[in-house]
1. What whole-number value in cubic angstrom gives the convex hull volume per residue for the C-alpha atoms of the range 51-117?
2. What residues qualify as long-range amide H neighbours of Arg49, i.e. H under 5 Å apart, gap of 5 or more or another chain, H built at 1.01 Å from N?
3. Mind ranking Leu110, Leu103 by accessible surface for me, highest first, 1.4 Å probe?
4. What distance in nm lies between label points placed 7 Å from Cα along the C-beta direction at Arg98 and Val126?
5. Once you list every other residue whose beta carbon is under 12 Å from the beta carbon of Pro107, what net charge do they have if Lys and Arg are +1 and Asp and Glu are -1?
6. Of the accessible area of the range 28-112, with the probe set at 1.4 angstrom, what percent is carbon plus sulfur?
7. Quick query: amide H of Ala87 versus all other amide H atoms, modeled in the peptide plane; which residues come in under 5 Å with a sequence gap of 5 or more or a different chain?
Amino acid sequence: GGRLVASAGAGGDRGGRSGRTGAVGGRAGAYDVGGVAVTLPAWWPDGGRVAGIGTGSGTTAVYVCTVPTAGAAATDPVIVYHSADRAPFYLYWSPDSRALTFLTTEPDGLALRSVPSDAGASSAIVRH
């Protein structure tokens, strides 16, 4: 674990999938997230970014990775949310792609959280 691989389809389209290996004939960008197992990928609507949930070292985080274009180097993922006791699940992009939404388990039930996809602010509980 520890790598999120984003694969662009043949011809450079960004309709690929994520996993441990790239698609045959496609480009792959591997994101090293320091030994953290990244799961549950959610693709940005235009395919240019992928978000995933990573768990490791006593905390769970939401990572946003930019899929590199042809010939470009992969950039480091951005952590937009992390918590030791309120792990995110069911990750989804907002319709305008400016935020990620996800569920967390709170002491008194579930909460729907939203966080800007650029990590410009802390997460906010949208509905509890």
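1. Convex hull of Cα atoms, per residue: 86 Å³.
2. Trp44, Val67
3. Leu110, Leu103
4. So the label points at Arg98 and Val126 sit 1.3 nm apart.
5. Net charge around Pro107: -2.
6. On the range 28-112, the fraction of accessible area on carbon and sulfur atoms equals 58 percent.
7. Thr105
The values are calculated or read from the model by the stated rules, or taken from the named source; none is laboratory data. Nothing here was measured: the structure is a model prediction, and the numbers come from that model. We place every Cβ from the backbone using ideal geometry, glycine too, and count neighbours over all the protein chains shown. Heads up: the accessible areas ignore ligands, DNA and RNA and are worked out on the full protein's heavy atoms, side chains in. Shrake-Rupley method; radii C 1.70, N 1.55, O 1.52, S 1.80 Å.
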